[in-house]
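First up is the structure itself, then whatever we jot down about it.
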Amino acid sequence: MRTFRIGGIHPPANKLSAGRPIETIAPPATAVIPLSQHAGAPALAVVAKGDKVKVGTLIGKAVGFVSANVHSSVSGTVAKVDSLTDGSGISRPAIYINVEGDEWEPDIDRSETFVKECRLSSAEIIKKIEAAGIVGMGGATFPTKIKLSPPPGNKVEILIVNAVECEPYLTADHSLIMEKSEQVMTGTTILMKSLNVGRAVIGIECNKPDAIERMTELSAGYEGIEVMPLKMKYPQGGEKQLIDAVMRRQVKSGALPVSVGAVVHNAGTVFAVYEAVQKNKPLIERVITVTGKNVARPSDFLARIGTPVSVLIDAAGGMPANTGKIIGGGPMMGRAMIHTGVPVTKGSSGILLLPEEESVRRPAHDCIRCAKCVGACPMGLEPSLLMNLSEYKLWDDAEKNYIVDCIECGSCSYTCPANRPLLDYIRLGKNTVTGIIRARKK
């Protein structure tokens with residue numbers, strides 16, 4: 001059974017919500033929909049206070065090449081176009097909508113009818129995906145239209161569907177491919193058609209045997225699609241790591257996955273593509289895991305974009321008394337949230353409620369040069385060195401040692417016996433060096 005070849009770790013899976021059916025959350029009383037739910041420039045508001053909107057109404061239009069449309073997930077009246085303090089404390093533009101009923105745009109197909117055949121051309125598929133505001137739903141939120149339009153001189157050989165879900169605790173993708181298997185398969189064929197490729201591989205880690213069995217059974221009815229079971233290893237969901245596991249090819253520093261002939265899309269993105277192309281449905285809701293060791297009902301919820309996180313926590317049984325930290329995402333790559341009024345966005349994969357005893361940092365000690373962080377790094381970097389260079393603001397040296405290649409997986413911090421905040425410093429250094437590089441290019 002395959003896996004990637006450089007670094008990696010094996011944290012406890014803690015898939016507490018696995019096996020439960022997806023529960024649908026009712027629309028909130030007020031939806032707060034950020035205009036920046038994607039990599040790149042925030043969308044430009046095309047509605048104003050007092051405007052009436054329906055579910056699926058365009059409320060934010062993409063600005064520039066790297067951007068994405070934003071649609072209303074509810075029906076009602078626009079209360080204001082203002083700012084929102086997100087989970088990390090950053091102010092971002094958002095549209096506030098007072099919910100009134102649940103009226104949808106008439107061209108959205110809300111039926112449960114499964115539509116397998118797609119007669120659209122590649123260009124027509126990409127246009128629909130762009131209009132629907134589809135982005136990468138594994139966390140990176142990169143506009144999907146861009147991945148489907150590779151730079152000149154690059155030939156796509158294979159589509160890889162990322163159903164690995166290697167992040168501990170999270171089960172949203174697992175639940176989705178179990179309950180919407182046919183739709184994910186058809187979404188895969190639609191993406192194959194848009195890329196003009198004849199082969200697709202769906203990568204699933206071996207701790208999801210039911211998903212492997214189900215998708216393998218279905219793949220017999222879909223030409224060119226293969227299901228590939230993979231060994232459990234974190235961070236196998238990283239694009240470059242998954243490409244290595246599936247294709248045995250390494251993406252060079254600074255290069256895109258398409259440089260080795262691959263395009264990777266998350267399973268949630270593939271389902272959203274199906275809904276956009278076959279149902280005319282923009283990206284207005286998603287499956288999100290709410291979990292934790294002391295959570296009463298760890299679950300996967302289908303929630304409208306703009307729903308406060310507090311609503312989902314209540315649906316999972318409420319906030320445990322000894323909660324020490326609320327993480328947006330999983331424990332390895334997620335980030336602590338400063339309040340629960342944060343809305344669900346296109347990139348929200350999970351809400352993790354960590355108990356106090358697991359959320360306190362242990363005292364850091366001097367590095368003992370054990371090199372465990374080096375052995376764990378899936379990018380072949382030297383995390384201890386990169387931390388030192390960042391700590392002493394040696395940005396030129398940090399760039400020369402490939403700090404921008406860090407995928408921020410946290411494997412280094414997880415393995416460090418001295419409890420050094422390796423990822424914190426590397427993340428700081430990576431952001432600084434990236435800014436320097438951008439300024440230099442300008």
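The values are calculated or read from the model by the stated rules, or taken from the named source; none is laboratory data. Source: prediction; values computed, not measured. Cβ placement follows ideal geometry from the backbone for every residue including glycine, while neighbour counts extend to all protein chains displayed. All accessible areas refer to the heavy atoms of the entire protein, side chains included, with ligands and DNA or RNA removed. Shrake-Rupley method; radii C 1.70, N 1.55, O 1.52, S 1.80 Å.
Select, from Val251, Val197, the only residue that is without any contact (Cβ under 8 Å) to a residue 40 or more places away in the chain and open to solvent by less than 30 Å² (accessible area, probe 1.4 Å).
None of the others qualify; the one that does is Val251.
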Counting only residues that are basic (Lys, Arg) and in a helix (DSSP H, G or I), how many does segment 366-421 have?
2
Index of the failed condition, Thr345 passing every other in (1) more than 30 Å from Thr24 (Cβ to Cβ); (2) among the β-branched types (Val, Ile, Thr); (3) surrounded by 15 or more Cβ atoms within 10 Å (Cβ to Cβ)
(1)
Just need a number here: residues in segment 3-16 that are buried (at least 16 other Cβ atoms within 10 Å of the Cβ) and either in contact with a Phe, Trp or Tyr (Cβ under 9 Å, 6 or more places away or on another chain) or not in a loop (DSSP other than H, G, I, E, B) (or both).
7
With open to solvent by 70 Å² or more (accessible area, probe 1.4 Å) and either outside any loop (DSSP other than H, G, I, E, B) or within 25 Å of His174 (Cβ to Cβ) (or both) as the only criterion, which of Gly19, Gly60, Gly87 stands out?
Gly19
As an exercise: evaluate Ala94 against (1) open to solvent by 20 Å² or more (accessible area, probe 1.4 Å); (2) more than 17 Å from Pro282 (Cα to Cα); (3) in contact (Cβ under 8 Å) with a residue 60 or more places away in the chain and give the number of the one condition it does not meet.
(1)
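Could you list, in sequence order, the residues of segment 416-442 that are polar (S, T, N, Q) and under 24 Å from the mean Cα position of the chain (by Cα)?
Result: Asn431, Thr432, Thr434.
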Mind counting the residues in segment 133-150 that are out of contact with any strand residue (DSSP E or B) (no Cβ under 9 Å at 6 or more places or on another chain) and open to solvent by 50 Å² or more (accessible area, probe 1.4 Å)?
1
Please determine whether any residue of segment 157-166 is buried (at least 24 other Cβ atoms within 10 Å of the Cβ), out of contact with any helix residue (DSSP H, G or I) (no Cβ under 8 Å at 6 or more places or on another chain) and not basic (Lys, Arg).
yes
